[in-house]
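Only the coordinates and a few stated rules stand behind these numbers; no lab work does. Keep in mind it's a predicted model, so treat the numbers as computed, not measured. Note: ideal-geometry Cβ built from the backbone for every residue, glycine included; neighbour counts use all protein chains shown.
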Amino acid sequence: MTRQEVEQLFGRRETALAHRDAVEFALLYAEDAILESPTAGGSVRGRPAIEAVARTWFNGFPDVVFTMEALVTDGERGVWIGRTHGTDTGGFLGLAATNKPFELPIVIVCTFADGLIVHERRIYDFTGMLVQIGVLKMKPA
């Protein structure tokens, strides 16, 4: 994909995220795409599973925001570097809402084919996020 095509794809991704539209978000992925994410508990395959992971974020953090800081492209690969923040007002992963905020850096590494994402790996501090929202407690030093 050209850099412009990758930018357009991530522009549509940003719009779907801003509108909390899990269906439109999932349409950016190939039907049998693989998503690796701590939220997914490892990896999931296919649009329905990717849509479910997006809904987990939207339901747990109704105010979640993803902000791009940089986009690196190299042919059929792209890396999105940014930050995310939100507040656990919806109950993340089915747990009771803590009403606590989180903020963390996130890196998303993608492989593309036919104008869609075929593989995505999300890299972020999942444990740190759970500590921030009060689901996990840190052991005193």
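Figures for the structure shown
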| read-out | value |
| --- | --- |
| Charge sum, other residues only, whose C-beta stays under 13 Å from R47's C-beta, Lys/Arg counted +1 and Asp/Glu -1 | -3 |
| Length released on extending from K139 to V107, taking residue separation times 0.36 nm less the Cα-Cα span | 8.8 nm |
| Dipole magnitude (debye, nearest 20) for the chain, charges at Cβ of Lys, Arg, Asp, Glu | 540 debye |
| Three semi-axes of the equivalent ellipsoid, the chain, Cα gyration tensor, whole Å, largest first | 26, 16, 14 |
| In order through segment 77-94: 3J(HN,Hα) via Karplus (6.51 cos²θ - 1.76 cosθ + 1.60), integer Hz, x for Gly, Pro | 10, x, 10, 9, 10, x, 9, 9, 8, x, 10, 6, 9, x, x, 6, 6, x |
| Cα-Cα pairs of segment 90-141 separated by more than 15 Å (percent) | 60 percent |
| For segment 1-45, alpha-carbon Rg and Dmax in angstrom | 11.7, 32 |
| Amide H partners (placed H, <5 Å) of V64, local residues excluded | T87 |
| Spin-label pair T2/E31, simplified geometry with 7 Å Cα→Cβ offset, distance in nm | 2.8 nm |
| Charge dipole (the chain, unit charges on Cβ, about Cα centre) - positive-most of I106, A16, I133 | I133 |
| Cut-off under 5 Å, modelled amide H: who pairs with Y29 long-range | I117 |
